[in-house]
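Asker: This is the structure I have questions about; it appears just below.
The values are calculated or read from the model by the stated rules, or taken from the named source; none is laboratory data. Keep in mind that this is a model prediction, so the values were computed, not measured. A quick note on method: Cβ atoms are made from the backbone with ideal geometry, for glycine too, and the neighbour counts reach across all protein chains shown.
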Amino acid sequence: MERQHFVYILTNQPRGTLYLGATNNLIRRVAEHRSRQVSGFTRKYFLTRLVYFEAYREMLVAFEREYRLKRWRRAWKIELVERVNPEWRDLYPGLLSSQGVW
């Protein structure tokens, strides 16, 4: 089984503070943010809503994408989210149900 790597965006509210990260286990990493186990920026601003993610087979490709997105202007990141998630829904519950985790 090939490993997957993810680039993701968290927020606290629609068009609110944005956090962009990368991980090889999206469910675990978002759960850590939601439970406030991750100290720093996401804990300080209570960024728990997963509003965007992309999956990659190769870690290097995911990290390169993360680096590029972090250099984007805020407006471009908002447009990226709104193209696929215009209502800024929290995508995390859908990840859990698609993996049979409830």
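Asker: Name the single residue that is nearest to ARG73 (Cα to Cα) among those in segment 44-58 being charged (D, E, K, R) and in contact with a Phe, Trp or Tyr (Cβ under 9 Å, 6 or more places away or on another chain).
Answerer: Out of the qualifying residues, it is GLU54.
Asker: Further, regarding this structure: Would you confirm whether any residue within segment 51-66 is more than 15 Å from the chain's Cα centre (by Cα) and among the small types (Gly, Ala, Ser)?
Answerer: Checked segment 51-66: no residue is more than 15 Å from the chain's Cα centre (by Cα) and among the small types (Gly, Ala, Ser).
Asker: Does any residue of segment 37-54 turn out to be more than 15 Å from TYR19 (Cα to Cα) and at pLDDT 95 or above?
Answerer: No, the conditions are met nowhere in segment 37-54.
Asker: On to the next question. Can you tell me which of ARG43, ARG68, ARG89 is not hydrophobic (A, V, I, L, M, F, W, C) and not in a helix (DSSP H, G or I)? Quick ask: steps written out before the conclusion?
Answerer: Values: ARG43 fails: not in a helix (DSSP H, G or I); ARG68 fails: not in a helix (DSSP H, G or I).
Being not hydrophobic (A, V, I, L, M, F, W, C) and not in a helix (DSSP H, G or I) holds for just one of ARG43, ARG68, ARG89, which is ARG89.
Asker: Could you check how many residues of segment 1-43 are among the charged types (D, E, K, R), more than 22 Å from GLU79 (Cβ to Cβ) and surrounded by fewer than 16 Cβ atoms within 10 Å (Cβ to Cβ)?
Answerer: 6
Asker: Now for a separate question. So TRP76 clears everything in (1) crowded, with 16+ Cβ neighbours inside 10 Å; (2) out of contact with any strand residue (DSSP E or B) (no Cβ under 6 Å at 6 or more places or on another chain) except one condition, right? Which one?
Answerer: (1)
Asker: Here is a follow-up. Name the residues in segment 44-58 that are of a type in the set (D, E, K, R) and surrounded by 15 or more Cβ atoms within 10 Å (Cβ to Cβ), would you?
Answerer: ARG49, GLU54
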